[in-house]
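Quick one: this structure, given as structure tokens, is what I'll be asking you about.
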Amino acid sequence: MKKETNFTGKYSSIHEFIEKNNLQKEATSILGKDWEADDDIAQVKEILDSIDKEYNVTHIEAKTKREQRADDYIHVFKNENIWAEIKADHTDEETGITYVDAWTSPDDDEDGCVIATIDDKGFTTYIDERAKTDKYAQEIIQEAMIRIDDERHELVDKVIERLKQDFREGDYTVIDEILVHNVSMSVLKNSLPEE
């Protein structure tokens with residue numbers, strides 16, 4: 001049973017997957033007349049396998065507030081991607097580098113490899129050049145960059161609030177540390193009004 005449709009995307013439930021893709025007949029045929037949602041990912045995979053075995057289904061773990069609000073936890077993608085699973089959920093606390101790890105199969109015993117890194121300013125370094133053009137890799141990298149940007153803005157807001165509090169109390173230690181150790185002479189000169 002081959003349907004010419006693109007099922008790739010993120011879904012909040014098997015019901016949303018079936019409704020968006022008009023697969024009510026297939027669901028009844030595969031899962032039974034009075035089927036009930038049980039293991040959404042396994043059931044979506046079962047339906048897809050009956051239509052087109054070129055699709056993969058994985059679980060999305062919400063790492064950011066934005067992802068939690070999205071309510072999507074099922075990721076359906078074509079196996080045309082180089083990697084079966086990609087995650088960008090490990091950040092080295094000392095360096096601020098986020099590692100983009102990838103696996104070629106959904107097998108839990110497979111060792112992953114780092115295909116890219118993203119620094120704390122959002123600059124991406126590709127270790128595997130194929131990640132530059134792989135749609136799935138780019139999707140994960142873009143999501144990670146948004147998360148990193150959100151985290152940076154949240155941190156900047158906290159530092160600003162702390163500086164305001166310190167200034168009210170006459171304490172300039174934090175701003176002194178930032179300016180002396182982290183800002184170049186040219187940036188300091190350019191931040192002053194011209195005389």
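Pick out the one residue from 134, 150, 128 that is in the same structural domain as residue 98 (by TED's automatic domain parsing), within 25 Å of residue 61 (Cβ to Cβ) and modelled with pLDDT under 90.
Going through 134, 150, 128 in turn, just one is in the same structural domain as residue 98 (by TED's automatic domain parsing), within 25 Å of residue 61 (Cβ to Cβ) and modelled with pLDDT under 90: 134.
Please enumerate the residues belonging to the stretch 119-139 that are in a helix (DSSP H, G or I), in contact (Cβ under 8 Å) with a residue 24 or more places away in the chain and more than 15 Å from the chain's Cα centre (by Cα).
130
Considering only residues that are farther than 17 Å from residue 142 by Cα and either in contact (Cβ under 8 Å) with a residue 12 or more places away in the chain or buried (at least 16 other Cβ atoms within 10 Å of the Cβ) (or both), which ones fall in the stretch 97-111?
Once the filter is applied, which keeps residues that are farther than 17 Å from residue 142 by Cα and either in contact (Cβ under 8 Å) with a residue 12 or more places away in the chain or buried (at least 16 other Cβ atoms within 10 Å of the Cβ) (or both), the stretch 97-111 yields 103, 104, 105, 106.
Go through (1) hydrophobic (A, V, I, L, M, F, W, C); (2) at pLDDT below 85; (3) under 30 Å from residue 86 (Cα atoms) one by one and return the number of the condition residue 178 breaks.
Evaluating residue 178 over (1) hydrophobic (A, V, I, L, M, F, W, C); (2) at pLDDT below 85; (3) under 30 Å from residue 86 (Cα atoms) leaves (3) as the failure.
Continuing with the same structure: What number of residues within the stretch 164-178 satisfy the criterion of being surrounded by 10 or more Cβ atoms within 10 Å (Cβ to Cβ) and either more than 38 Å from the chain's Cα centre (by Cα) or outside the structural domain of residue 188 (by TED's automatic domain parsing) (or both)?
1
While we're looking at this one, here's another question. Taking the stretch 149-195 only, how many residues are more than 22 Å from residue 97 (Cβ to Cβ) and basic (Lys, Arg)?
Going through the stretch 149-195 one residue at a time, the tally reaches 4.
Something else about it: Taking the stretch 81-120 as the region of interest, how many residues are over 28 Å from residue 55 (Cβ atoms) and touching a Phe, Trp or Tyr at 6+ places or on another chain (Cβ under 8 Å)?
Residues meeting the conditions: 3.
Return the residues of the stretch 36-58 that are more than 14 Å from residue 12 (Cβ to Cβ) and touching a His at 6+ places or on another chain (Cβ under 7 Å); say none if nothing qualifies.
Within the stretch 36-58, 58 is the sole residue that qualifies.
Let me ask something else about it. In the stretch 1-33, which residues are touching a Ser or Thr at 6+ places or on another chain (Cβ under 9 Å) and over 28 Å from residue 135 (Cβ atoms)?
The answer is 29, and nothing else.
Suppose the filter is at positive phi, at pLDDT below 90 and not basic (Lys, Arg); does residue 52 pass it?
Criteria not met by residue 52.
State yes or no: is residue 171 part of a helix (DSSP H, G or I) and acidic (Asp, Glu)?
Spelling it out, it is not the case that residue 171 is part of a helix (DSSP H, G or I) and acidic (Asp, Glu).
Report the residue count in the stretch 78-96 for those that are surrounded by fewer than 18 Cβ atoms within 10 Å (Cβ to Cβ), over 11 Å from residue 120 (Cα atoms) and among the small types (Gly, Ala, Ser).
Final tally of qualifying residues: 1.
Filter the stretch 34-54 for residues that are assigned to a helix (DSSP H, G or I) and either in contact (Cβ under 8 Å) with a residue 40 or more places away in the chain or more than 24 Å from residue 135 (Cβ to Cβ) (or both) and give the result.
42, 43, 46, 48, 50, 51
Sort out which residues of the stretch 1-34 are in contact with a helix residue (DSSP H, G or I) (Cβ under 7 Å, 6 or more places away or on another chain), over 16 Å from residue 78 (Cβ atoms) and surrounded by 13 or more Cβ atoms within 10 Å (Cβ to Cβ), and write them in order of number.
Result: 13, 14, 18, 23, 26, 27, 30, 31.
Could you check, for the stretch 144-156, whether at least one of its residues is touching a residue at least 12 places away in the same chain (Cβ under 8 Å), acidic (Asp, Glu) and in contact with a strand residue (DSSP E or B) (Cβ under 8 Å, 6 or more places away or on another chain)?
Looking for residues that are touching a residue at least 12 places away in the same chain (Cβ under 8 Å), acidic (Asp, Glu) and in contact with a strand residue (DSSP E or B) (Cβ under 8 Å, 6 or more places away or on another chain), one finds none in the stretch 144-156, hence no.
The values are calculated or read from the model by the stated rules, or taken from the named source; none is laboratory data. Everything quoted here is computed from the prediction, not taken from an experiment. For neighbour counting, all protein chains shown are included, and Cβ atoms are generated from backbone atoms with ideal geometry for every residue, glycine included.
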